[in-house]
Amino acid sequence: MSLLFCLGCMSCSGPSGPIVQRYAPLEQERLCKVALLPFVNNTRFNQGNTIVQRIFGSELARIAGVEVVREGDVRKVYPQLRIYPNQVPDVDQIRILGSRLGVDYLILGTVSAMEENFSEQHVNPLLALNLEVHEAQSGRVMWTTYHKKEGRDYRTIMHFGLVNTVTELCRVMSQEILDMWFSEGLKKCGE
């Protein structure tokens, strides 16, 4: 019986969370209106950046009081500033984007690893991403967050809770990142 208890405790111990690095305190400290810039894909997973961006955006939009600018509105400004697909905007372009979109912060993302590793028993997805929070008026990087997980990191006793798809892994990781941001001092609009 004690062996089962020990195994249960070891498998239930939670995975480590995202790593947040703060370069400066957030100016307004409230996340009211934000734009997700198109994420960069550094993987062989076709459209991996689009998948992660849309899932992260939907999790962000679920937070009460946070307004996320529509993806189409962001993409409409990109050709005007001559920003090409899979290109990271420079500081001046970020300031212009922030001004035209009327946001407090802009979030840039890079997907550095995305895989679905198949075994006999299940699929073990892997996802690594880096997010940067930029202040819209200055274009400065305020926070960066790096998060890397595998589906099996969420396994509990008897394989309950095992994450088998990249999309589900992305959803869970997005929630962890947002929880970390709010625990580190970021406030929701209206708090």
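Remarks
- Between Val88 and Glu168, residue separation times 0.36 nm minus the direct Cα-Cα distance comes to 26.2 nm.
- Tail weight of P(r) past 27 Å, computed on alpha-carbon pairs of the range 18-186, percent: 25 percent
- Only one residue of Ile94, Tyr105, Leu60 has its Cα farthest out toward the positive end of the dipole of the range 18-186, where Lys and Arg carry +1 and Asp and Glu -1 on Cβ, and that residue is Ile94.
- Inter-label distance, Ser183 to Thr144: 2.2 nm, where each label sits 7 Å from its Cα along the C-beta direction.
- Cut-off 15 Å between beta-carbons: net charge of the residues surrounding Val68, Lys and Arg +1, Asp and Glu -1: +2
- Phi to ³J(HN,Hα) by Karplus 6.51 cos²θ - 1.76 cosθ + 1.60 over the range 48-55, Hz, x for Gly, Pro: x, 5, 5, 4, 5, 4, 5, 5
- Cα→Cβ-extended label distance, 7 Å offset, between Ala113 and Ser99, nm: 4.0 nm
Computed from the coordinates by the stated procedures, all read-outs in this text should not be read as laboratory data. Only a predicted model underlies this, so the values are computations on that prediction, with no experimental measurement involved. Cβ atoms come from the backbone with ideal geometry, glycine included; neighbour counts cover every protein chain shown.
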